[in-house]
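The values are calculated or read from the model by the stated rules, or taken from the named source; none is laboratory data. It should be emphasised that the depicted structure is a prediction, and the values quoted were computed from it without experimental measurement. Glycine also receives a Cβ, built like all others from the backbone with ideal geometry; neighbour counts cover every protein chain displayed.
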Amino acid sequence: MPGEARAQTEGEIGSPYPTWPWIVTQLVPSPELVIQDGQPAFGARWQLTPVLFSFGIHRSQRPWRAFVVEPIVRHSGSLEWYVSPEYIALDDDFSRRFGLRTGVRSYVPLIERGDYLSLSFGTSVMRFQEQTAVAYEVGAHVLFGFLGTLLSYSPTPEGGRFISTLQLRFF
Amino acid sequence: MRCARSALALAVVAMMSTMGCRIGQLMTRNLAAFGEERSLPNRITHPERPDARLAVLWVGHATALIQMEDKFILTDPVFTDTIGQLSPRLVEPGIAVENLPPIDAVLISHMHFDHMSLGSLEMLASKVRWLGLPRGGLVYLTDFAFPAREVPWWTSQTLAGGLRVTSVPVQHNGWRYGMDRDWRQGGYTGWVIEYRGMTVYFSGDTALNAERFRATAQRFPSIDLALLPISPIHPRDYMHKMHVDPNEALTAFELLGARWMVPVHYDTFVNSLDEAGEPKRVLLEAMEKRGFDESRVALLEIGEQRVFIER
């Protein structure tokens, strides 16, 4: 390629897509402390975002994302539908410790358009040990959403279930 | 085969320890610098210079306020206390945001936290008349009221009053969060600003790519002033692909054929393994060795304003 032409070649900018590093980092679980009927237990959750709509993104840009979401697109203000496989060590039978949660969550930016701090509010339903329970949650997220804490409360099962999650998230 | 596998494992472990060690060193330096921000006495409160056709006030890092007659341009504005929450500011900004004049053009070179600071843009928003970004920049800008536009390389925008900005190629990278590097091979740029016969060049961050500097010089043969970074230097084996060191910055200055150079991007944040004061010291040594003096390479202090062309 002649020098002048090579000097003019600008690198590609594409849309986000699942890459191997992304896939591997999605396998990293977020640890949880679960309290159900006064009994504490360890837990963990993984998260996927099938669809997200960003209302913080620049008006000229496409606001929809599927699975791979750039941190600022999420934390500058968005609404996401998420799916979370969840592990809660509340039964001696290992196979009964897994559940599935799905819900919606909205992010509100507080500092640096959400890059430094954002809050989240959400609601979800969880299927766990043959029971379906609704939960409500609030969260705070720092370091571009890499680190966060989620507090959720579910009035069912009887006695209620509190979950405190240290959220680790990579995109 | 087993030997090859062992060698590979050893190489991976060695590489990871080296990287981990460097990141650890960098983090330690950053944590030690929290709470150490130095204040500047007698900061300029009225940066408009009626006696100047071309003046520059170095705000710190890659942020410079350029006056070209009645127009003001601000490069990569960062006025926040930290970059990326983990790297604290070592010196307060060279001018307070409230003392800035209305800015005709804010120019962003790339998406890294020390160049596109969303918190700083929030502080400035009411003063910004136009913002230019490299291709792919708008997705990370978020929504501001002021007009913002991506400008691909070798493309110009003529703004109100005839101020003209052109995006020009440099060599760096355009990701922001690390994992986005796979779909963001572009997304960085240098800028040439032209107004009433004066030409200013701002590279943002760049490695030494002689071909690209020559191409810019061919299209803009009379650059008056070049704002060029001189840091980070270390670790050189990693940085040389993305950043010029002081000696290479002088080479870039020569290749661009500019009349004056203002070194920027040093001693404002900890973003490398450079010792405090090292970039400036190495630059002065390189200048002496290569016959440059301060009449051509203007080493400004943070907060200092210099008039290059008088009215």
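Details
- Among the residues here, A:Ser54 qualifies as in contact with a Gly (Cβ under 8 Å, 6 or more places away or on another chain) and at the interface with chain B (Cβ under 10 Å from one of its Cβ atoms).
- Verdict on B:Val139 being within 14 Å of chain A (Cβ to nearest Cβ), buried (at least 24 other Cβ atoms within 10 Å of the Cβ), farther than 26 Å from B:Leu57 by Cα and in contact with an Asp or Glu (Cβ under 8 Å, 6 or more places away or on another chain): yes
- Members of segment A:157-171 that are assigned to a strand (DSSP E or B) and within 14 Å of chain B (Cβ to nearest Cβ): A:Leu168
- The set of residues in segment A:104-121 being at negative phi, touching a residue at least 24 places away in the same chain (Cβ under 8 Å) and of a type outside the set (S, T, N, Q) consists of A:Val104, A:Arg105, A:Tyr107, A:Val108, A:Pro109, A:Asp115, A:Tyr116, A:Leu117.
- Residue match in segment B:258-267 (condition: within 22 Å of B:His110 (Cα to Cα), modelled with pLDDT under 95 and either under 15 Å from the mean Cα position of the chain (by Cα) or crowded, with 19+ Cβ neighbours inside 10 Å (or both)): yes
- Residues that are charged (D, E, K, R) and in contact (Cβ under 8 Å) with a residue 12 or more places away in the chain were ranked within segment B:181-205; the one that is nearest to the other protein chains (Cβ to nearest Cβ) is B:Arg184.
- Check on A:Asp37, at pLDDT below 95, at positive phi and of a type in the set (D, E, K, R): yes
One line per residue, one yes/no per condition, for (1) within 20 Å of A:Leu151 (Cα to Cα); (2) touching a residue at least 24 places away in the same chain (Cβ under 8 Å):
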position	(1), (2)
A:His58	no, no
A:Trp64	no, no
A:Phe67	no, yes
A:Arg74	yes, yes
A:Tyr82	yes, yes
A:Ile88	yes, yes
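- Filtered residue count, segment A:84-107, keeping only those that are surrounded by 14 or more Cβ atoms within 10 Å (Cβ to Cβ), in contact with a helix residue (DSSP H, G or I) (Cβ under 8 Å, 6 or more places away or on another chain) and not aromatic (Phe, Trp, Tyr): 3
- Count of segment B:150-180 residues which are more than 8 Å from every other protein chain (Cβ to nearest Cβ), over 17 Å from the mean Cα position of the chain (by Cα), more than 30 Å from A:Arg74 (Cβ to Cβ) and of a type in the set (A, V, I, L, M, F, W, C): 3
- Looking only at segment B:94-112, and only at residues there that are out of contact with any helix residue (DSSP H, G or I) (no Cβ under 9 Å at 6 or more places or on another chain), of a type outside the set (A, V, I, L, M) and part of a loop (DSSP other than H, G, I, E, B), the one that is farthest from B:Ser156 (Cα to Cα): B:Gly94
- Residues located in segment B:189-226, provided they are under 15 Å from B:Val165 (Cα atoms) and under 16 Å from the mean Cα position of the chain (by Cα): B:Thr189, B:Gly190, B:Trp191, B:Val192, B:Ile193, B:Val200, B:Tyr201, B:Phe202, B:Ser203, B:Gly204, B:Leu225, B:Ala226
- Condition met for A:Phe42 (among the hydrophobic types (A, V, I, L, M, F, W, C), closer than 30 Å to A:Pro157 by Cα and touching a residue at least 12 places away in the same chain (Cβ under 8 Å)): yes
- Wholly within segment B:117-236, strands (runs of 3 or more DSSP E) carrying at least 2 residues that are under 20 Å from B:Phe72 (Cβ atoms) and touching a Gly at 6+ places or on another chain (Cβ under 8 Å): B:148-150, B:164-168, B:190-195, B:198-202
- Of all residues making up segment B:296-311, the number that are without any contact (Cβ under 8 Å) to a residue 60 or more places away in the chain and more than 22 Å from B:Phe213 (Cβ to Cβ): 0
- Test for B:Leu86: is it of a type in the set (A, V, I, L, M) and at pLDDT below 95: yes
- Inter-residue pairs, beta-carbon under 8 Å, first more than 15 Å from B:Asp224 (Cβ to Cβ) and in segment B:252-267, second among the charged types (D, E, K, R), 6+ apart: B:Leu255/B:Arg214; B:Pro263/B:Lys280; B:His265/B:Asp205; B:Tyr266/B:Asp274; B:Tyr266/B:Lys280; B:Asp267/B:Lys280
- Some residue of segment A:10-27 being more than 29 Å from B:Arg135 (Cβ to Cβ) and either touching a residue at least 12 places away in the same chain (Cβ under 8 Å) or buried (at least 16 other Cβ atoms within 10 Å of the Cβ) (or both): yes
- Residue in segment B:57-66 that is more than 15 Å from B:Met261 (Cα to Cα) and over 14 Å from the mean Cα position of the chain (by Cα) present: no
- Checking A:Tyr136 against (1) exposed (fewer than 15 other Cβ atoms within 10 Å of the Cβ); (2) within 14 Å of chain B (Cβ to nearest Cβ); (3) not basic (Lys, Arg), the condition it does not meet: (2)
- The listed residues are A:Val83, A:Val24, and the only one of them that is over 27 Å from B:Gly137 (Cβ atoms), among the aliphatic types (A, V, I, L, M) and within 14 Å of chain B (Cβ to nearest Cβ) turns out to be A:Val24.
- Checklist (1) within 14 Å of chain B (Cβ to nearest Cβ); (2) in contact with an Asp or Glu (Cβ under 8 Å, 6 or more places away or on another chain); (3) surrounded by fewer than 22 Cβ atoms within 10 Å (Cβ to Cβ) applied to A:Trp64, failing item: (2)
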